[in-house]
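The next block holds one structure in the form of structure tokens; read it before the comments.
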């Protein structure tokens with residue numbers, strides 16, 4: 001898993017009347033629940049229980065500005081939950097052991113523990129094992145595009161499980177063995193073929209990447225996580241911007257960001 005610069009903005013403040021007051025805004029806020037089903041609300045409740053603070057007496061006002069699309073394989077909800085946990089500690093000046101934070105994060109979702117530290121990491125099992133590893137790329141541009149429809153994680157895994165003769169790629173092993181010379185050529189996502197079959201938007205997005213002016217440059221386009229967005233790593237911002245304009249003209253939602261391996 002890899003952190004990129006594309007991000008939501010989360011603000012936590014003390015709320016004198018108690019409870020959790022949660023509001024969502026931003027260009028990707030449509031259809032995002034602002035009730036107790038949201039991972040941010042769940043995170044704050046778990047944190048208040050962990051540190052022994054009564055929410056009725058120590059209320060929290062939360063403002064979430066969404067820029068990461070949902071059901072896109074980008075971990076937007078998971079990153080919001082992880083950072084809500086960290087912001088809660090800062091707001092109430094609580095020091096919690098990282099192991100305890102990780103256990104709380106696991107209760108929220110398999111991707112949440114990773115976002116407590118981010119960067120480049122190997123995540124195994126159901127998120128319980130997260131090991132930071134050497135980053136291959138500097139802060140290269142990353143072009144992400146998405147069609148109109150999302151893909152639920154459950155649906156993607158169900159589709160993958162139906163493939164009985166699947167041969168997983170070896171890109172993870174090659175990465176760990178420092179086989180960096182032809183990295184862009186052997187990147188692989190086991191979800192890509194099956195998700196493209198259940199959601200035509202994914203195949204359309206991949207086809208537009210193939211038609212872009214700089215299709216031959218950088219890495220090949222790949223599905224983000226379990227979908228539905230597609231990413232491509234560029235080495236030139238000029239090429240990335242040119243392809244971004246092409247994809248926008250094709251009617252896709254486009255996000256031009258970059259690889260992020262710092263904690264700033």
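What single numbered condition from (1) in contact (Cβ under 8 Å) with a residue 40 or more places away in the chain; (2) within 20 Å of residue 147 (Cα to Cα); (3) surrounded by fewer than 20 Cβ atoms within 10 Å (Cβ to Cβ) fails to hold for residue 244?
Among (1) in contact (Cβ under 8 Å) with a residue 40 or more places away in the chain; (2) within 20 Å of residue 147 (Cα to Cα); (3) surrounded by fewer than 20 Cβ atoms within 10 Å (Cβ to Cβ), residue 244 violates only (3).
Suppose we filter 73, 99 for residues that are in a loop (DSSP other than H, G, I, E, B), out of contact with any strand residue (DSSP E or B) (no Cβ under 6 Å at 6 or more places or on another chain) and modelled with pLDDT under 95; which single one remains?
That would be 73, the only listed residue that is in a loop (DSSP other than H, G, I, E, B), out of contact with any strand residue (DSSP E or B) (no Cβ under 6 Å at 6 or more places or on another chain) and modelled with pLDDT under 95.
Yes or no: the stretch 60-69 includes at least one residue that is in contact with a strand residue (DSSP E or B) (Cβ under 7 Å, 6 or more places away or on another chain), more than 30 Å from residue 144 (Cβ to Cβ) and free of Cβ contacts under 8 Å to residues at least 60 places away in the same chain.
yes
A quick yes/no check of all residues on (1) in a loop (DSSP other than H, G, I, E, B); (2) surrounded by 12 or more Cβ atoms within 10 Å (Cβ to Cβ):
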{"position": "160", "(1), (2)": "no, yes"}
{"position": "167", "(1), (2)": "yes, no"}
{"position": "172", "(1), (2)": "no, yes"}
{"position": "175", "(1), (2)": "no, yes"}
{"position": "205", "(1), (2)": "no, yes"}
{"position": "215", "(1), (2)": "yes, yes"}
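Only one of (1) under 24 Å from residue 101 (Cα atoms); (2) surrounded by 14 or more Cβ atoms within 10 Å (Cβ to Cβ) fails for residue 69. Which number is that?
(1)
Given the options 86, 10, name the one that is at pLDDT 95 or above, surrounded by 13 or more Cβ atoms within 10 Å (Cβ to Cβ) and closer than 26 Å to residue 150 by Cα.
Going through 86, 10 in turn, just one is at pLDDT 95 or above, surrounded by 13 or more Cβ atoms within 10 Å (Cβ to Cβ) and closer than 26 Å to residue 150 by Cα: 10.
Say whether the condition of being touching a residue at least 12 places away in the same chain (Cβ under 8 Å), under 22 Å from residue 6 (Cβ atoms), assigned by TED's automatic domain parsing to the domain that holds residue 63 and assigned to a loop (DSSP other than H, G, I, E, B) is met by at least one residue in the stretch 81-89.
Among the residues of the stretch 81-89, not one is touching a residue at least 12 places away in the same chain (Cβ under 8 Å), under 22 Å from residue 6 (Cβ atoms), assigned by TED's automatic domain parsing to the domain that holds residue 63 and assigned to a loop (DSSP other than H, G, I, E, B), which makes the answer no.
The values are calculated or read from the model by the stated rules, or taken from the named source; none is laboratory data. Predicted model only: the values in this text are computed from it and were never measured. We place every Cβ from the backbone using ideal geometry, glycine too, and count neighbours over all the protein chains shown.
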